[in-house]
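No lab work stands behind these numbers, since they all come straight from the coordinates. Predicted model only: the values in this text are computed from it and were never measured. Using ideal geometry, Cβ is built from the backbone for each residue, glycine included, and neighbour counts are taken over all protein chains shown.
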Amino acid sequence: MRNDTQASHYKNQLAGHFSLGGSSRRIKVARMQPISVQKPHIKADCSGIDVFLGGVNYVDTQYFIDFMKSVGGAAKSYS
């Protein structure tokens, strides 16, 4: 994403104002959590009892490889 503003000058009733312009650049931030573990829990209240036995999530190997390739490819633009 890119946003540029031009230098400008304007005057109002109180003073004159100068702006030197600006430039802003943003990149997409990619985050990956290769492994996620949820611990078991039991919750009981007036509406009932909830039992969660836990879980493990993991990233597919091919997705991990593609992600690391894209990180390496993006690093070239910063050098």
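Given only helices, namely DSSP H runs of n ≥ 4 each adding -39500 (n - 2.57), what is the per-residue ellipticity at 222 nm of the chain, to the nearest 500 deg cm²/dmol?
Details: 1 runs with 15 residues, N = 79.
Computed mean residue ellipticity for the chain: -6000 deg cm²/dmol.
Return the FRET efficiency for the residue pair N3, M32: r is the Cβ-Cβ distance, R0 is 35 Å, and the value is rounded to the nearest 0.05.
Given R0 = 35 Å and the Cβ-Cβ separation, E is 0.80.
Run the reach check for K39 against aspartates and glutamates, Cα to Cα strictly under 17 Å, same-chain hits fewer than 8 apart removed. What comes back?
Leaving aside aspartates and glutamates fewer than 8 places away in the same chain, those within reach of K39 are D50.
Quick one, which of [x] 37, 25, 16; [y] 67, 45, 13; [z] 43, 25, 19 is the actual Cα extents along the principal axes in Å calculated for this model?
Evaluating Cα extents along the principal axes in Å on these atoms matches [y].
If you plug each phi of the stretch 11-28 into the Karplus form 6.51 cos²θ - 1.76 cosθ + 1.60 with θ = phi - 60°, what whole-Hz ³J(HN,Hα) values come out, in order, with x for Gly and Pro?
10, 10, 5, 9, 6, x, 10, 10, 10, 8, x, x, 8, 9, 10, 10, 10, 6
Cross-link candidates for K69: which lysines have Cα within less than 28 Å, leaving aside residues fewer than 8 places away along the same chain?
Filter leaves K28.
Relative to the first principal axis of the alpha-carbon coordinates of the chain, what is the inclination of helix 61-75, with its axis defined by its Cα atoms, in degrees from 0 to 90 and to the nearest 10?
With both axes taken from Cα atoms, the answer is about 20 degrees.
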